Amino acid sequence: MKDLGELHRLAMQAADEAFLLRRQGDGEAAREAFRRALDCEAEAACLLAPDTEREPTRSVLHRSAATLALHCEDWQTAEDLAATALRGDPPEEIAEELREVLGRAQARQHPEQDGPSERPPEPRPRTGRRDVT
């Protein structure tokens, strides 16, 4: 069994690969890489799901996994991950981002209630290396 840090590292490697492949125009390979990233990040998030004392790591992992689910067009998974994170005690900035992801997932599942669709946001530039523990 892989540990939390290893799962997160694998997820971020696959996500980086997916963004590169998408920029290069290889949509199918990008979707596959996004799915690998989602699988790893969701597994890492699930390891912390019941541990609300591990904030903000818990909510950051859930936000990351939910955003990857949007990239995979897996609206239900994105909604589930964001909702799980919001049931904890995430910092307000992360909670705001989770509510945005939740809203996007719900809008895509119910397009008759939606305005124009948007592509999920590109990840924010990393401002320093923080390992997930």
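All of the numbers you see were taken from the coordinates with simple rules; none came from a lab. What you see is a predicted model; the values in this text were computed from it and never measured. Every residue, glycine among them, receives a Cβ derived from its backbone with ideal geometry; neighbour counts consider all protein chains shown.
Where Lys and Arg each count +1 and Asp and Glu each count -1, what net charge lies around residue 94 among other residues with Cβ under 11 Å from its Cβ?
Details: positive: 58, 63, 99; negative: 55, 89, 92, 93, 96, 97, 100.
Combined, the nearby Lys, Arg, Asp and Glu give -4.
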### Message
Suppose R0 equals 25 Å. What FRET efficiency, 1/(1 + (r/R0)^6) with r the Cβ-Cβ distance, do residue 2 and residue 93 give to the nearest 0.05?
### Response
0.30
### Message
What does the net charge come to around residue 10 if you take all other residues with beta carbon closer than 12 Å to its beta carbon, with K and R at +1 and D and E at -1?
### Response
-4
